[in-house]
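Structure, as structure tokens:
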Amino acid sequence: MALTTLAVSHNEAAARPRAAHPGALHAEAAVAARVADLERRFGDPWDPANPLGHAGILAADERGRPQAEAEQLLDGFDLNAEFVPAALGGRLVRADTLARVLRCVFRRDQALGTGYGAFSVLAGASVWAAGSSAQQRWAADLLLGGGRLAVSYRELAHGNAFLRDEFTLSTRDGRRELSGAKRVIINADRARGLVIVCRSSAEPGSRSHSTLLLDRDALPAGKVRDLQRYPMVGMRGCPMTGLEFTHCPVPESSLLGQQGDGVELALRSFAFTRSILPSMVLGGADTALRTALRFAAARGVGGRPVERNPQARRTLAGAFTDLLICDSLALAGTRAAGLGLGITGVYAAATKYLLPILLHDCVHELSVLLGSSIYVRDGEFGIFQKHVRDLPVTSLGHAGAAAALSTISPELSALARRSWLTDTPGEPALFTLRADLPTLDFRRLGTLAADDVLCAELAAAAHQDPTGAGEHAAVLRPLLGHLAGELRRLREACAALAPLSRHSLANPHTYALADRYTLVLAAAACLGVWRHQQGGPDTFLARPHWLVCALLRICTRLGIGTPATAPGPEAEVYTELSRRFTHASSFDLYDTPLAA
Amino acid sequence: MTTAPGASAVLPAPSVPAEPLQVTPQGPWHTVRRELAERGSVVVFARLQDWLSDFPSDLPPATSTATGAEFGAGMGAGGDSALPALLGRDWQRFTQMTNDDVRGRFLASRLLLKYAAAAVLEARPADIDLAYKPGGRPYLRGCDQVDISLSHTADLLVVGITRRGWIGVDAELSSRQLRGSAVERQICTPYETQLLARTHQQARNAALVRLWTLKEAYSKAIGQGLRFRFTEFGFAPGARRVQVLRPDGTPGSGDEWSFCTWSVAGRYTVSLALVDLGFDDAVDVAARTMLDEAMADALLRQPQNTRWTAQREVRDPL
């Protein structure tokens, strides 16, 4: 790479390593301290006098602009260092801990999390996975100096405004040049570094795209221009504009990897990005649930205090259970990336597919409790509707789901034949949420779906004597039986899929199988979390109540085994939710102390 | 920075579907597909008997032990053994139903949903996995390019389909007496009661039936059915633009919502609620084009997928 085209005039601080040595960044205490620091800086979100509280966030949303004070806070925290691998001077060592830190930001404001940072993370993945050392150094310095990376993907099947159209890379007079327009790119108008997936050959198939890393400042003026803001119902404070290139010359050295590597590189980076982004977004649903609890505590539900309204308590406990299901799958997905498992890409796709569905349903169920207050756009409960509007945006709607299913469906046949219901050993390190992991290696990110260690959890749990579940063993045992039966049916159906033909896979039957598989994975992830916290410090997770509720909810979605109204030990789950609400801690696996 | 024109910075006005279209198992499905492509949403209605004639209404009595094979065989010459496969997971529920009217309506509505979904996804009805959310809302498992909603009353079935977000439909007999009933007090917000008081007596029942169907359609679109209390939100009877209002009449939901009410077959009131999240989703909703070609090809080319025949002997530890 010619450094002349990619020089960043960063300040001294930019090049300074942000941590003494990467090893220290792994430690639970270090991560918890960073999260606590961020919480302290943001302060009490419910305090109307706090400019960084909900009132300020709602005002920025109304203006349709990023909230300047909040972005300054994140500058002060040096949040960008979280996005840069430790080897390049940043603090990024693990996917699960990165999601944990960013979840604090998403809990406040999903538009801030997305617009300030998450898309630099998504763009960066391609650079860390395939960039030359000069490209990596440049991108790292850009981020460490407070700059941004934006990313534009190619046109995907059933593409929408985010995933339609694509740029074309061609050669004219011996020079590479880029043309075309893309309607929506997050931060397109304020990112200096652009990661652009573009078509580099007219041929069909998987070798016709390439990825470029461009320095916006080095591109000739007049050859690139910004398109107008794209209006969305949600995430109004997140800059969404488009870009148009017209015969724009790009340096030879801007290719990430080789020409034609675009699709494979995207699949590799998706193995990281698809689990990490939904894991962050979970923070938005946390605030929606917290607001519903706050509303119920202040106003009651249906004219009754929540203590005397069992239906309201069930709804609240159900929402908390959904968040724990989501976090269990996200945990397995993000930790699989750290372990370098071949099946990471499938787990990440399952996370990207399933979490938006569960979170959508979860917040809409909560809306029943708030009643007409779901329409309020200011005041104490106004933040609820904002999170409901924001939640679907990062999923990218149907095009996002189709892309995730496009990764899962081709693997189903081989997984069914080779890995389901075999004696594949499990992988306890997927679930030990506070334990160290090897440093994330973007070059080793898996797309070769080998052993399905999550499904192995189901087999292992079925063998295990569930008496550890105490009085709930009698409920747990048949639930595990139903899930094993579902996996057996899935194996039979998926093994019958013609494994080498895209055309024979492309029908609703296959997509429904893929959907059911993601639910089975979520159940397996919950089981894994429960089994591997036994004897650990997270005593709520080690007890069976949440697990039984989670598996009941998953079985209901699968349409197997239990009537939709089967009661679970929801009272215990509600008690824990209530404790966390009163003591201000997070509604995810980590039970993290919050500012308020 | 230069800013190119190209799209307006305000949300595009949501397009409203055309009048509901009557369908039988024979169609006209090409019209349904065209409406969905052009307008983003389509509402179809059907007569119960049109959908039961291919599957006789004198169905064998429900027995808890009936299996698909037994049922298919029991249908004899007039039957159709394709029914268990067509109903999928709903088959078991169907066989356990004891009331003939309930069975008939259940069967006809599931057939209509599957045929309509298959028509727009350009797939076989038996390949559609009709699933239910925990609250009972039907959806097409694995195919979220379209959202569906179902309503039935008397001998009318209504299905709404959209490719633009979320949809809810509801149908009631226009003659249903709501005026002066307990229901009137249970469904109206203070603002609605105030406006209805100004409505002429004759028009008041029609306004109430319309309100009821709008409320049902809206709460179905947000996935909550009757759980979302009808006194927590409302509409302005008589207003030109239909929008969700708070109980005191101030604006509720935003411009992303649109609503419609039609009179169908001379005796039914049918309402639709639709929310468009603004993704500008693709016109193409066919199942066969949904699998991304480049991604699927890259994955199918991988060694573990091309060597699948060399599987090791599997044993079932469960």
Checklist entry - Taking the range A:160-176, which residues are farther than 30 Å from A:GLY146 by Cβ and more than 12 Å from chain B (Cβ to nearest Cβ)? => result A:THR168, A:SER170, A:THR171, A:ARG172, A:ASP173, A:GLY174, A:ARG175
Item to check | Among (1) surrounded by fewer than 18 Cβ atoms within 10 Å (Cβ to Cβ); (2) at pLDDT 85 or above; (3) within 11 Å of chain B (Cβ to nearest Cβ) - the single one A:ARG477 does not satisfy | outcome: (3)
Item to check | Residue among B:ARG179, B:ARG240 that alone is over 25 Å from the mean Cα position of the chain (by Cα), away from every other protein chain (no Cβ under 14 Å), part of a loop (DSSP other than H, G, I, E, B) and closer than 24 Å to B:HIS152 by Cβ | outcome: B:ARG179
Next on the checklist: Just to be sure I understand, how many residues within the range A:538-574 are at pLDDT 95 or above, of a type outside the set (A, V, I, L, M) and under 17 Å from A:ALA292 (Cβ atoms)?
Outcome noted: 1
Next on the checklist: Of everything in the range B:83-122, what is in a loop (DSSP other than H, G, I, E, B), at pLDDT below 95 and surrounded by 14 or more Cβ atoms within 10 Å (Cβ to Cβ)? Give them in sequence order.
Outcome noted: B:GLY88, B:ARG89, B:MET97
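From the list A:SER279, A:SER254, A:SER275, which residue is hydroxyl-bearing (Ser, Thr, Tyr) and over 26 Å from A:THR97 (Cα atoms)?
Working: A:SER279 fails: over 26 Å from A:THR97 (Cα atoms); A:SER275 fails: over 26 Å from A:THR97 (Cα atoms).
Going through A:SER279, A:SER254, A:SER275 in turn, the sole match is A:SER254.
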Checklist outcome for this item: Counting only residues in the range B:256-302 that are over 23 Å from B:ARG34 (Cβ atoms) and basic (Lys, Arg), the one nearest to the other protein chains (Cβ to nearest Cβ) is identified as B:ARG301
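So, A:ALA449, is that one at the interface with chain B (Cβ under 8 Å from one of its Cβ atoms), in contact with a His (Cβ under 9 Å, 6 or more places away or on another chain) and surrounded by 24 or more Cβ atoms within 10 Å (Cβ to Cβ) or not?
Numbers: at the interface with chain B (Cβ under 8 Å from one of its Cβ atoms): yes; in contact with a His (Cβ under 9 Å, 6 or more places away or on another chain): no; surrounded by 24 or more Cβ atoms within 10 Å (Cβ to Cβ): yes.
Considered against the rule, which asks whether it is at the interface with chain B (Cβ under 8 Å from one of its Cβ atoms), in contact with a His (Cβ under 9 Å, 6 or more places away or on another chain) and surrounded by 24 or more Cβ atoms within 10 Å (Cβ to Cβ), A:ALA449 comes out as no.
Test A:ALA496 against the criterion of being within 13 Å of chain B (Cβ to nearest Cβ), closer than 30 Å to B:ALA298 by Cβ and modelled with pLDDT under 95, and give yes or no.
Numbers: within 13 Å of chain B (Cβ to nearest Cβ): yes; closer than 30 Å to B:ALA298 by Cβ: yes; modelled with pLDDT under 95: yes.
In short, yes.
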Item to check | Matching residues in the range A:136-158 - criterion: being more than 19 Å from A:THR211 (Cα to Cα) and within 14 Å of chain B (Cβ to nearest Cβ) | outcome: A:HIS158
Checklist entry - Identify, please: which residue in the range A:209-249 is touching a helix residue (DSSP H, G or I) at 6+ places or on another chain (Cβ under 9 Å) and among the β-branched types (Val, Ile, Thr) and is, among those, surrounded by the fewest Cβ atoms within 10 Å (Cβ to Cβ)? => result A:VAL224
Next on the checklist: Quick check on A:SER372: is it more than 20 Å from A:PHE119 (Cβ to Cβ), polar (S, T, N, Q), at the interface with chain B (Cβ under 8 Å from one of its Cβ atoms) and without any contact (Cβ under 8 Å) to a residue 40 or more places away in the chain?
Outcome noted: yes
Item to check | Leading residue by the ranking (nearest to the other protein chains (Cβ to nearest Cβ)) among those in the range B:204-236 that are under 16 Å from A:GLY302 (Cβ atoms) and either outside any helix (DSSP H, G or I) or hydroxyl-bearing (Ser, Thr, Tyr) (or both) | outcome: B:GLU232
Checklist entry - Checking A:ALA456 against (1) surrounded by 24 or more Cβ atoms within 10 Å (Cβ to Cβ); (2) modelled with pLDDT of 90 or more; (3) within 12 Å of chain B (Cβ to nearest Cβ), which single condition isn't satisfied? => result (1)
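Would it be correct to say that A:LEU358 is within 14 Å of the chain's Cα centre (by Cα) and either among the hydrophobic types (A, V, I, L, M, F, W, C) or not in a helix (DSSP H, G or I) (or both)? Explain how you work it out, then say what you get.
Numbers: within 14 Å of the chain's Cα centre (by Cα): yes; either among the hydrophobic types (A, V, I, L, M, F, W, C) or not in a helix (DSSP H, G or I) (or both): yes.
Against the criterion (within 14 Å of the chain's Cα centre (by Cα) and either among the hydrophobic types (A, V, I, L, M, F, W, C) or not in a helix (DSSP H, G or I) (or both)), A:LEU358 qualifies.
Specify the residue that is surrounded by the most Cβ atoms within 10 Å (Cβ to Cβ); the eligible residues are those in the range B:123-157 that are β-branched (Val, Ile, Thr) and in contact (Cβ under 8 Å) with a residue 60 or more places away in the chain.
First, pick out the residues of the range B:123-157 that are β-branched (Val, Ile, Thr): B:128, B:146, B:148, B:153.
Adding the requirement that they be in contact (Cβ under 8 Å) with a residue 60 or more places away in the chain leaves B:146, B:153.
Values: B:VAL146: 23, B:THR153: 17.
That would be B:VAL146.
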Item to check | Filter result for the condition that a residue is closer than 25 Å to A:ASP515 by Cα, touching an Asp or Glu at 6+ places or on another chain (Cβ under 6 Å) and either modelled with pLDDT under 95 or of a type outside the set (Ser, Thr, Tyr) (or both), over A:ALA336, A:ALA317 | outcome: A:ALA317
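If the requirement is being more than 10 Å from chain B (Cβ to nearest Cβ), part of a loop (DSSP other than H, G, I, E, B) and under 25 Å from the mean Cα position of the chain (by Cα), which of these qualifies: A:ALA191, A:ALA202? Walk me through it before giving the result.
Working: A:ALA202 fails: under 25 Å from the mean Cα position of the chain (by Cα).
After applying the criteria, what remains is A:ALA191.
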Item to check | Hey, A:LEU445 out of contact with any Asp or Glu (no Cβ under 7 Å at 6 or more places or on another chain) and modelled with pLDDT under 95 or not | outcome: yes
Item to check | Residues being more than 8 Å from chain B (Cβ to nearest Cβ) and either surrounded by fewer than 24 Cβ atoms within 10 Å (Cβ to Cβ) or free of Cβ contacts under 8 Å to residues at least 12 places away in the same chain (or both) - total across the range A:401-418 | outcome: 0
Item to check | Matching option when the condition is under 30 Å from A:GLY400 (Cβ atoms) and part of a loop (DSSP other than H, G, I, E, B), among B:GLY168, B:GLY142, B:GLY160 | outcome: B:GLY142
Checklist entry - Looking at the range A:309-322, is at least one residue touching a strand residue (DSSP E or B) at 6+ places or on another chain (Cβ under 6 Å), over 30 Å from B:GLN302 (Cβ atoms) and in a strand (DSSP E or B)? => result no
Checklist entry - Conditions: (1) touching a helix residue (DSSP H, G or I) at 6+ places or on another chain (Cβ under 6 Å); (2) outside any helix (DSSP H, G or I); (3) at pLDDT 95 or above. A:TRP46 meets all but one. Number of the miss? => result (1)
Item to check | the range B:81-103 residues that are more than 17 Å from B:ASP54 (Cα to Cα), paired with ones that are assigned to a helix (DSSP H, G or I) and at pLDDT below 90 (beta carbon under 8 Å, 6 or more apart) | outcome: B:THR95/B:PHE71
Next on the checklist: Between A:ASP451, A:ASP515, which is charged (D, E, K, R) and assigned to a loop (DSSP other than H, G, I, E, B)?
Outcome noted: A:ASP451
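Is it fair to say B:GLY160 is modelled with pLDDT of 90 or more, in the same structural domain as B:GLU38 (by TED's automatic domain parsing) and crowded, with 19+ Cβ neighbours inside 10 Å?
yes
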Checklist entry - Is it true that some residue in the range A:539-552 is within 13 Å of chain B (Cβ to nearest Cβ), touching a Cys at 6+ places or on another chain (Cβ under 9 Å) and either in a helix (DSSP H, G or I) or more than 24 Å from A:THR344 (Cβ to Cβ) (or both)? => result yes
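On the given criteria, is A:SER210 within 13 Å of another protein chain (Cβ to nearest Cβ), of a type in the set (Gly, Ala, Ser) and either within 24 Å of A:ASP390 (Cα to Cα) or in contact with an Asp or Glu (Cβ under 8 Å, 6 or more places away or on another chain) (or both)? Don't jump to the end; show me each part of the working.
Details: within 13 Å of another protein chain (Cβ to nearest Cβ): yes; of a type in the set (Gly, Ala, Ser): yes; either within 24 Å of A:ASP390 (Cα to Cα) or in contact with an Asp or Glu (Cβ under 8 Å, 6 or more places away or on another chain) (or both): yes.
Here the answer is yes, as A:SER210 does meet what is asked.
The values are calculated or read from the model by the stated rules, or taken from the named source; none is laboratory data. Predicted, not measured: the structure shown is a model, and the values here were computed from it. Methodologically, a virtual Cβ is constructed for each residue, glycine included, from the backbone with ideal geometry; neighbour enumeration extends over all protein chains shown.
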